[in-house]
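See structure below.
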Amino acid sequence: MHDVSVIGVPGERFAEIPAEAIEALRRATVIAGGRRLVAAWDAFSPGHRHQVIEIAGDVTGAVARVAEAAHSDADVAVLASGDPGFFGILRSLLQVMDRSRLHVFAAPSSVAIAFSRLAIPWDDAVVVSAHGRSLEEAVQVVRMARKVAILSSPDNPPEVLARALLAGGARVDLAAVCCRLGSADEEVAEMSLTQMARGRWDPLSVVVLVGPGGLPLVGWGPGRQLAWGLTDDSFAHRAGMVTKAEVRAVALGKLALPPVGVVWDVGAGSGSVAIECARLCPGLSVFAVEQHPEDARRISINASAHAASVHVFEGHAPDVLVRLPEPDRVFVGGGGIAVLDACLARLAPGGVLVATFSALDRAAAAVERLGQMVQIGVDRAVKLPDGGWRMAAENPVFLAWGPMREEELHTR
């Protein structure tokens, strides 16, 4: 059995691949690859006689023929665009051949070239393939990332991706479509997501999305301020059913939000906590759970007004919680101890749960489970008819959080 040479080509520029790879191609009696790359090789090395295994739609069948040719002692070379090991043919070849039989010559990947054309570092980027996966899954990865390259596909071309991102409320500072990289007709275009959605692009492109300085993608728009504990009248609510600003500010501090992950706001009411989480850390996937239909609709309206990406789930907790991904952070604003226990059971290792209560008996049960609690009493200034001021006391709120770590319990 002969070994197989797997040769990555930058664009169609065979002059830029190593001399050892050129020699392997010239020895090959069978060359496998896409029609365009094989034609480019024939133009580069006219007169070279070889059989062709075309790699097109049926990749599984093509790599099986490559393995069969190698077993029959043919000299086989496989042509790939860019890096064969980067979402490339190498993965398929390893399903039918031992890696000790493969000699790989890698060229720069399409993603590396795309970021280089844009003069943006990409060591902190997430790469997502839209090939053979649901569009929703790709969009969800984008929602949780700070800097993204998406390999588009015929089923999910750049304009379809852009429409899905816009529908999900995504906002980015830089969006680019990079087509036919390394070829003579290469195109790299920067634009808004709206322009991308309205255009028609090569389906096999690299889409690059970046927030300012590599900051999270979703919700970080012009004029954004780092502020929390927004005023109560920032949110439409039903008869005062909103976590008060001062309580919300403390709750957000105790949540210690991570840059990425999953957050639940259970018994969300107006959605104020969920919305503030999404504004503060746009890389989070935030879920607001509310059983009252009118309140659930109001959460969506509030989220839109604040340009915050929040998934609203209408339903009764804890039943609806089985439909949500495992949370890294949970805020429980309603539902009682049964809901708190259900949330604790789903909380990811190292996660944090914060809950508020107006009744002392429920707060006492919560602190037994979570380990820490404070009472928050707020007096707000109110103007008197004569122009003076008085302090009006709000009802006190008990705020519990945890669970406490084992080492914390030993130091109490």
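The values are calculated or read from the model by the stated rules, or taken from the named source; none is laboratory data. Keep in mind the model is a prediction, meaning the values are calculated, not measured. Don't worry about glycine lacking a Cβ; one is built from the backbone with ideal geometry, like all the others, and counts go over all protein chains shown.
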Next on the checklist: Condition first: at pLDDT below 90, among the basic types (Lys, Arg) and within 29 Å of ARG117 (Cβ to Cβ). Can you find one or more residues in the range 19-35 that meet it?
Outcome noted: no
Checklist entry - Inside the range 328-372, can you point out the residues that are closer than 19 Å to LEU252 by Cβ and of a type in the set (Val, Ile, Thr)? => result VAL330, VAL332, VAL352, VAL354, THR356
Next on the checklist: Pairs please, first residue from the range 267-279 and farther than 22 Å from VAL172 by Cβ and free of Cβ contacts under 8 Å to residues at least 40 places away in the same chain, second anywhere and crowded, with 24+ Cβ neighbours inside 10 Å and among the aromatic types (Phe, Trp, Tyr), Cβ atoms under 6 Å, 6+ apart in sequence or on different chains.
Outcome noted: SER270/PHE235
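Of the residues LEU340, LEU324, which single one is at pLDDT 95 or above, among the hydrophobic types (A, V, I, L, M, F, W, C) and assigned by TED's automatic domain parsing to the domain that holds CYS277? Give the steps one after another, and end with the answer.
Values: LEU324 fails: at pLDDT 95 or above.
None of the other options fit; the residue is LEU340.
Find the strands (runs of 3 or more DSSP E) located wholly in the range 14-121 whose residues include 3 or more that are under 30 Å from LYS147 (Cβ atoms), and list them. Show your work before the answer.
Details: elements: 30-33, 51-54, 76-81, 102-105.
Strands (runs of 3 or more DSSP E) meeting the threshold: none at all.
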Next on the checklist: Looking at the structure I just gave you, is ILE299 farther than 25 Å from THR231 by Cα, without any contact (Cβ under 8 Å) to a residue 40 or more places away in the chain, in the same structural domain as VAL397 (by TED's automatic domain parsing) and not in a loop (DSSP other than H, G, I, E, B)?
Outcome noted: no
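Select from the range 170-185 the residues that are over 16 Å from LEU151 (Cβ atoms) and not in a strand (DSSP E or B) and list them in ascending order. Steps first, please.
Residues of the range 170-185 that are over 16 Å from LEU151 (Cβ atoms), as a first pass: 170-174, 183-185.
Correct list: ALA170, ARG171, VAL172, ASP173, SER183, ALA184, ASP185.
Looking at VAL367, is it in a helix (DSSP H, G or I), among the aliphatic types (A, V, I, L, M), assigned by TED's automatic domain parsing to the domain that holds LEU257 and surrounded by fewer than 14 Cβ atoms within 10 Å (Cβ to Cβ)? Working first, answer last.
On the way: in a helix (DSSP H, G or I): yes; among the aliphatic types (A, V, I, L, M): yes; assigned by TED's automatic domain parsing to the domain that holds LEU257: yes; surrounded by fewer than 14 Cβ atoms within 10 Å (Cβ to Cβ): no.
Against the criterion (in a helix (DSSP H, G or I), among the aliphatic types (A, V, I, L, M), assigned by TED's automatic domain parsing to the domain that holds LEU257 and surrounded by fewer than 14 Cβ atoms within 10 Å (Cβ to Cβ)), VAL367 does not qualify.
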Item to check | Any chance VAL160 is among the aliphatic types (A, V, I, L, M), surrounded by 14 or more Cβ atoms within 10 Å (Cβ to Cβ) and in the same structural domain as VAL66 (by TED's automatic domain parsing) | outcome: no
